1. Please work out if V48 is closer than 17 Å to P194 by Cβ and β-branched (V, I, T).
2. I need the full set of residues from the range 49-70 which are away from the ligand (no atom under 16 Å from the Cβ), within 18 Å of F147 (Cα to Cα) and either under 15 Å from the mean Cα position of the chain (by Cα) or not aliphatic (A, V, I, L, M) (or both), in order please.
3. Starting from residues that are out of contact with any helix residue (DSSP H, G or I) (no Cβ under 9 Å at 6 or more places or on another chain) and on the phi > 0 side of the Ramachandran plot, keep the ones in the range 127-181 and report whichever is nearest to the ligand (Cβ to nearest atom).
4. Within the range 35-45, does at least one residue satisfy the condition of being over 18 Å from the mean Cα position of the chain (by Cα) and either more than 16 Å from the ligand (Cβ to nearest atom) or at negative phi (or both)?
5. Specify the residue that is farthest from the ligand (Cβ to nearest atom); the eligible residues are those in the range 103-126 that are in a loop (DSSP other than H, G, I, E, B) and within 14 Å of S208 (Cα to Cα).
6. Name every residue in the range 23-34 that is under 19 Å from V60 (Cβ atoms), away from the ligand (no atom under 16 Å from the Cβ) and in a loop (DSSP other than H, G, I, E, B), in order of residue number.
7. Can you tell me which residue is farthest from F129 (Cα to Cα) among those in the range 144-168 that are of a type in the set (S, T, N, Q) and assigned to a strand (DSSP E or B)?
8. For residues in the range 38-51 being out of contact with any helix residue (DSSP H, G or I) (no Cβ under 6 Å at 6 or more places or on another chain) and crowded, with 17+ Cβ neighbours inside 10 Å, which is farthest from F206 (Cα to Cα)?
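The values are calculated or read from the model by the stated rules, or taken from the named source; none is laboratory data. Bear in mind that the values here come from a model prediction, so they are computed numbers and not experimental data. Heads up, the Cβs are rebuilt from the backbone with ideal geometry, glycines too, and the neighbour counts pull from every protein chain shown.
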Amino acid sequence: MKYLILSDIHSNKEALAAILSFVRRKPWDKAVCLGDVVGYGANPNQAVDMLKRLRPLAAVRGNHDKVCSGLEDGELFNRIALEAAMWTRRKLTKVNSRWLRALPQGPVVVDNTFAICHGTPIDEDAYIFGEIEALNVFRHTEYPITFFGHSHFPVIFALSPDAITTILTVAPSFRFKLREGVRYLVNPGSVGQPRDGNPLVSFALFDSTSRRRTRSSRRAFPARSPTGSRSAASSRGRRVRATQSRTRPRAAGPGGWAGPQPGPGARPKRPPTRSWLRRSPRSASLRTLPSPRRAGRPPPRDGACAC
Ligand SMILES: [Fe+2]
């Protein structure tokens, strides 16, 4: 059985459409959603409708799904996340709001093969950022494979009999074979709001047959800059390479990932461009692969993690 693993879509219909367009050429049997279908992005109803059409579907709820559908009041959300959630709550149709409210709390075991959850199998709102949190989850659960989201950071934690290992996925496409006797926590990354410094959509394909392979993949999607110009390469559906600037991403706003912003010490020279997703001067493809220094760091615990 082949599974399409989606997490943290966050009302980003363009990002979800880019993935569905890509996997049209790659047969899969069942879609799995790890929560946060809505929140932040501008198209909550479209995102829910697109996801509902991916039947058969296994899904759990995320913290944004709960607040946007009225299950919770969002008292732990920061101001930006809460404003976006309240806006989403007003925009959601009754049918879609009811569908979100009906999403089960994780963990949910899918086809007796693996578990899915939003934050962790122990606490749906908690984060797994690093090996300490991962080890705690491994100790309190028995699932051989668990897919989780919430942190918006694509990563694999592997627990063998004598060690825990962190495996960072390499954009734009990363294949990994799961070994017998090793337990895994796998985060496919975020569809609609990546927080690893790479703005491309992130998802995973999991093959549960005897070879038990996962593949994480990053794709471009038609993004619009504040001036309304389109990212040309992504809108034409080209295979582009993952991009990451050397700058630090600013905290995400209601419109999704806000694009790169100069970090401290960066020279403030370049005037605002029409699109932050620019062509490389050296090739037709977009390129800003994660630098090894940054890729080795855990995801930020502050600011970018809205709640
Ligand atoms: Fe999320």
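1. no
2. P56
3. H152
4. yes
5. So the residue we want is N112.
6. W28, D29
7. Taking the range 144-168 first, the residues of a type in the set (S, T, N, Q) are 146, 151, 160, 165-166.
Now restrict to residues that are assigned to a strand (DSSP E or B): 146, 160, 165-166.
Values: T146: 15, S160: 19, T165: 13, T166: 10 Å.
Per the stated criteria, the residue is S160.
8. For the range 38-51, the residue satisfying everything is A42.
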